[in-house]
Amino acid sequence: MTYHLPAGKAVSGPYVVDVTPESAGWGYTSLRVLELPPGGTHTFDAGGSEWIVLPLSGGCTVAVDDDHGHGTFELTGRTGVFNGVTDFAYVPRDARASVSSAGGGRFALTGARCTRRLPARYGPASGVPVELRGTGNCSRQVNNFGAAGVFECDKLIAVEVLTPGGNWSSFPPHKHDEHRPGEESVLEEIYYFEFAGHEGTPGLGYQRVSPSGPGRDTDVLAEVRDGDVVLIPDGWHGPSMAVPGHHMYYLNVMAGPGEERAWLICDHPGHAWIRDTWQDQGVDPRLPLYTAPERSA
């Protein structure tokens, strides 16, 4: 199994990235990245999965049709992932949806096979909690747009992580590949990367995944660039390293078989101590790169 998919290796039809449960060899988690030209439209069937349409760059209109009615959601979007929090739209399973963009753009479709059918909904940018996690050179920003406890889904969990150049995120290494009630949940995970360039030089970073035990032998050390994907069916994942001078963005998409939709992780026992040092350091002053807009009165 190939766990690192460089840009262009997961192209399928209209999608520049198309990771399905079948292509990944697992049961739940999907990611599609759709690029639309100005005036472009794309229609897709949700099938047995729920989806969040998340603008990476540009804005769009998401129209949803199913047996329960019709809904249209205007997404303002953003100029890019390093420029602001975005609004988004939820598409339920068994629906048909279209994504249209007058100005064109790039849009992530984060998906998870699910059982419950929830209503189609709009997620405002002002409702996205922006979290600063870690301190010192482990500082990063997390946009919790689709986190458990923030936005209701059946199975899907999705967040954005922004790591300033030179910092390490997804650290200490952690895992979520065993069912241990109240301590750890089983979640498949997709990382999708983008980087801030500098004067025409593209950015890059590195992603590590290491085996976590018998039968959980995912092993990756990958140089990652714009549009790359790393699949994590199991294992200790982290660090995610941003080279100096280039901020790193990754979109995390997760889902699993548990009845409870929860992100419960276990830190690597050899590196968990690093959390104890954070209280003696400040958060990287470059963070947050941006904050969510104020809620309308």
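None of the figures in this text is laboratory data; all of them are computed from the coordinates on show. Because the structure is predicted, anything quoted here is derived from the model rather than measured. No Cβ is skipped: glycine too gets one built from the backbone with ideal geometry, and neighbour counts run over all protein chains shown.
Expressed in nm to one decimal, what extension gain is obtained for the pair His198 and Gln281 from 0.36 nm per residue of sequence separation less their Cα-Cα distance?
Net length gain for the segment: 27.1 nm.
What ³J(HN,Hα) values, in whole Hz, does the Karplus curve 6.51 cos²θ - 1.76 cosθ + 1.60 give for the stretch 29-41 when θ = phi - 60°, with x put for Gly and Pro?
8, 9, 8, 10, 10, 10, 10, 10, x, x, x, x, 9
Which ³J(HN,Hα) values in Hz, rounded to whole numbers, follow from the phi angles of the stretch 94-109 under the Karplus curve 6.51 cos²θ - 1.76 cosθ + 1.60, where θ = phi - 60° and Gly and Pro get x?
6, 9, 10, 9, 10, 10, 10, 9, 5, x, x, x, 10, 9, 8, 10
Considering the chain as a Gaussian network with a 10 Å cut-off on Cα pairs, which listed residue, Gly165, Gly256, Gly213, attains the greatest mean-square fluctuation?
Sorting by GNM fluctuation, first place goes to Gly213.
If you average the C-alpha positions of the stretch 221-253 and of the stretch 140-157 separately, how far apart do those two centres end up, in angstrom?
Distance between centres, Cα-based: 19 Å.
Quick one: if you stick a label point 7 Å off each Cα along the C-beta vector at Asp217 and Glu22, how many nm between them?
2.7 nm
Count charges around Ala7 for me, please; just the other residues with Cβ under 9 Å from its Cβ, Lys/Arg as +1, Asp/Glu as -1. Kindly include the intermediate steps, with their values, before the conclusion.
On the way: positive: Lys9, Arg225; negative: Asp226, Asp228.
For residues surrounding Ala7, the net value is 0.
Any idea how far apart Arg116 and Glu183 come out in nm if each label point goes 7 Å out from Cα toward Cβ?
For the pair Arg116/Glu183, the computed spacing is 2.7 nm.
Among Gly282, Gly58, Leu264, whose Cα projects farthest towards the positive end of the dipole of the chain, with charges put on the beta-carbon of Lys, Arg (+1) and Asp, Glu (-1)?
Of the candidates, Gly58 comes out farthest on the positive side.
Given labels modelled 7 Å from the Cα in the Cβ direction, how far is it in nm from Trp273 to Thr61?
Inter-label distance under the simple model: 5.9 nm.
Given the options Ala46, Met241, Gly166, identify the residue whose Cα lies farthest towards the positive end of the charge dipole of the chain (+1 on Cβ of Lys, Arg; -1 on Cβ of Asp, Glu).
Ranked along the dipole, the leading option is Gly166.
Label the stretch 1-74 by shape, choosing from rounded, prolate and oblate, from the square roots a ≥ b ≥ c of the eigenvalues of the Cα gyration tensor; if a/c is under 1.5 it is rounded, and otherwise prolate applies when a/b is larger than b/c, oblate when it is not. Walk me through the numbers on the way to the answer.
Details: a/c = 2.61, a/b = 1.39, b/c = 1.88.
It comes out oblate by the Cα gyration axes.
Percent relative contact order of the stretch 4-276, based on C-alpha pairs within less than 8 angstrom and at least six residues apart? Provide the component values of the computation, followed by the final result.
Values: 777 pairs, mean separation 53.4, N = 273.
Result for the stretch 4-276 is 20 percent.
About the Cα centre of the chain, what is the dipole size in debye to 20, counting +1 per Lys and Arg Cβ and -1 per Asp and Glu Cβ, all else neutral?
Values: 22 positive and 36 negative charges, 70 e Å.
So the magnitude is around 340 debye.
Taking the number of other C-beta atoms within 10 Å as the exposure measure, put Met241, Met254, Met248 in order starting with the fewest. Please list the in-between numbers first.
Details: Met241 20, Met254 25, Met248 28.
Sorted ascending by nearby Cβ count, the order is Met241, Met254, Met248.
What is the sum of charges around Phe107, taking Lys and Arg as +1, Asp and Glu as -1, for the other residues whose C-beta is under 14 Å from the C-beta of Phe107?
Working: positive: Arg32, Arg78, Arg106; negative: Asp18, Glu35, Glu74, Asp87, Glu160, Glu194.
Local charge sum for Phe107: -3.
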